[in-house]
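Take a look at the structure set out below.
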Amino acid sequence: METRTDKITEIVLKAARKARRETSSAPQQEGRGRANWPLDCTVGPGLEGAIACETKIGFVNGTRGELTYCGYDIFDLCAYSTFEEVSYLLLYGRMPTAKQFASFKRKLVKSRSLPHTLRLLMGFPLEQMHPMACLRLGTNLMRQRLTWQDSDAARPDSVAAIAADEDSIPMETIPKGEQKAIYEFKKRKTERPAKVPEGTEDAAGLAACIRLISGLSTIAAAVARVRDHKLPIEPDPELGHAANYLYMMNGVRPTPEQERIMDIALILHADHGMNASTFASMVVASTLSDIYFSIGSGIAALSGPLHGGANEAVLVMLEKIGHPDNVDAWFDKAMRRKKKIMGMGHRVYKTYDPRARILGPLASYVARDNPDAALLLRIARKLEKRVVESLGKEKNIFPNVDYYSGIVYKAMGIHRNMFTPVFAVSRVAGWTARVHEYLKKNRIFRPRALYVGAFGKEYKPLDERGRGKTTSR
Ligand code: ACO
């Protein structure tokens with residue numbers, strides 16, 4: 001008997017067949033094969049076209065709309081694999097054997113429980129912060145808790161302090177300035193112990209990558225709950241990664257169908273070439289900072305509306321349009337104002353994004369018994385038609401990964417503020433894998449800028465510069 005998860009697999013396979021039919025005759029994308037450094041390549045603003053390194057992790061074929069992780073097609077991975085297996089693939093460059101996979105999953109289970117980090121995190125006003133800011137903070141607190149990066153500095157024992165009394169969250173009791181400040185925490189010399197306590201490790205190694213891949217979902221779920229005035233939930237060691245993420249967020253075990261859809265969403269977002277957040281992570285890591293810091297930078301870069309933040313912006317846009325009847329007027333006005341349509345267009349894809357080919361039908365599937373999602377989907381489909389008719393041929397603007405993901409998440413009960421964190425919970429696999437790969441042949445990133453400013457200006461003291469406004473350059 002065909003189950004509902006089989007139906008979801010069939011949706012993915014159908015999308016794959018359609019994609020292959022429509023794109024197999026398109027030209028191949030450049031950007032494959034070994035580099036013979038230094039390279040001649042055409043570079044545009046925003047480093048468009050620049051080649052920064054070699055990688056075996058993934059390839060985005062922007063002309064054909066194909067996405068490959070370590071040689072495997074994204075449609076096959078979505079149809080047959082899991083996020084855990086894909087994370088292993090990205091980190092180690094090959095599919096695991098049964099034994100390797102069991103051991104990897106045990107490590108993920110162990111790393112998923114972060115009670116101390118969550119305790120630290122809950123000392124901050126999470127409900128007033130954007131979840132991406134909370135996530136970024138969470139990676140810093142993981143770093144603090146799980147590594148000895150900062151241990152030779154004198155620092156307060158914040159775990160004990162927060163546990164002791166809520167009012168004793170770090171602050172000066174009387175704001176008298178640095179000299180006279182009295183801290184509620186006693187300054188304590190913390191030396192690196194002769195024997196590193198269990199659970200601490202190198203902040204730049206594979207173990208840290210696994211910790212982050214597993215732990216970020218715990219932090220994101222806890223942030224969702226705290227913002228919803230609920231306490232975080234411990235992960236269930238019996239559940240897989242996607243199911244645990246939903247369980248820790250919603251407090252109920254997901255159905256196999258919900259788990260499968262979340263798993264596919266996580267697989268789809270796990271890696272995507274040298275995108276802005278991956279590059280940000282790699283730039284930080286290339287200074288031989290550590291993986292926790294570099295993932296924090298990836299989260300920061302991902303939060304922007306031109307990148308991962310677009311999934312949230314798409315939902316805001318669709319809700320603002322409100323009804324399919326309003327699409328035409330809204331779109332015409334947006335074009336007159338030269339507004340960018342969120343969830344449309346891509347730096348690399350000049351055709352339909354393969355991830356949107358899967359998420360679109362999945363959005364239809366989840367919307368079938370969800371009237372709110374169904375309305376948004378009708379708006380989205382009509383807007384897509386208008387955008388593709390007007391900008392598809394002329395400017396190669398088609399839906400990207402963010403266009404339909406929000407509808408899928410909304411139908412699964414995820415608040416719109418938590419959409420970009422879902423992206424981060426997945427992309428952390430690609431960030432860590434690429435950082436880990438790059439560090440094996442590390443070279444600090446250092447591009448140049450063309451100076452177009454002035455030279456030889458005469459310095460004048462402040463009181464000789466007049467009273468009026470000066471121009472900045
Ligand atoms: N809506 C309308 N027009 C667009 C859009 C869009 N979404 N995207 C690009 N264009 C137009 C531009 O106005 C420009 O037109 P022009 O040549 O007449 O000036 C042309 O297409 C090229 O656009 P650029 O901004 O130069 O393309 P770029 O490669 O720099 O930008 C980007 C790619 C940032 C994704 C852009 O398409 C965009 O802003 N999209 C909306 C935001 C979005 O969905 N981001 C998520 C991307 S996927 C991801 O990061 C996970």
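The values are calculated or read from the model by the stated rules, or taken from the named source; none is laboratory data. For clarity, every value in this text was computed on a predicted model and none was experimentally measured. Cβ: placed from backbone, ideal geometry, glycine included. Neighbour counts: every protein chain shown. All accessible areas refer to the heavy atoms of the entire protein, side chains included, with ligands and DNA or RNA removed. Shrake-Rupley method; radii C 1.70, N 1.55, O 1.52, S 1.80 Å.
Observations on the model:
- Dipole magnitude of the chain, debye to nearest 20 (Cβ charges: Lys/Arg +1, Asp/Glu -1, about Cα centre): 1180 debye
- Per-q log10 I(q)/I(0), the stretch 289-333, q = 0.25, 0.34 Å⁻¹ (Debye; single scatterer per alpha-carbon; no solvent): -0.85, -1.04
- Taking the protein heavy atoms of the chain in the context of the full set of protein chains, the accessible area attributed to carbon and sulfur is 53 percent at 1.4 Å.
- Peptides ranked, highest mean first, by Cβ atoms within 10 Å: ranges 269-281, 450-462, 373-385: 269-281, 373-385, 450-462
- Per residue, the chain exposes 53 Å² of accessible surface when a 1.4 Å probe is rolled over the protein heavy atoms with every protein chain present.
- Computed from the alpha carbon positions, the gyration tensor of the stretch 266-341 leads to an equivalent ellipsoid with semi-axes of 35, 12, 9 Å, biggest first.
- Under 5 Å, built H, 5+ apart or other chain: amide partners of Asn61: Glu66, Leu67, Thr68
- Taking all Cα-Cα distances within the stretch 195-283, those exceeding 23 Å account for 37%.
- Over all distinct Cα-Cα pairs of the stretch 310-411, the Kirkwood formula returns a hydrodynamic radius of 13.4 Å.
- Fully extended contour minus Cα-Cα distance, from Thr42 to Asn326, at 0.36 nm per residue: 98.0 nm
- Along its principal axes, the chain has C-alpha extents of 70, 70, 51 angstrom, given from the largest down.
- Calculated log₁₀ intensity ratio I(q)/I(0) where the Debye formula runs over C-alpha points of the stretch 238-283, q = 0.26 Å⁻¹: -0.83
- When the stretch 64-108 is reduced to its Cα atoms, the Kirkwood hydrodynamic radius in Å: 11.0 Å
- Pairwise label distance in nanometres, Ser113 with Ile51, each label 7 Å out on the Cα-Cβ vector: 4.8 nm
- Amide H contacts of Cys53 (H built 1.01 Å from N, under 5 Å, at least 5 apart or other chain): none
- In this Cβ point-charge picture (+1 for Lys and Arg, -1 for Asp and Glu), the stretch 310-411 has a dipole of about 460 debye about its Cα centre.
- For the stretch 18-123, the Kirkwood estimate of hydrodynamic radius, built from reciprocal distances between every pair of different alpha carbons, is 17.3 Å.
- Greater than 19 Å apart at Cα, pairs in Lys350/Lys393; Lys339/Lys395; Lys333/Lys385; Lys230/Lys320: Lys230/Lys320
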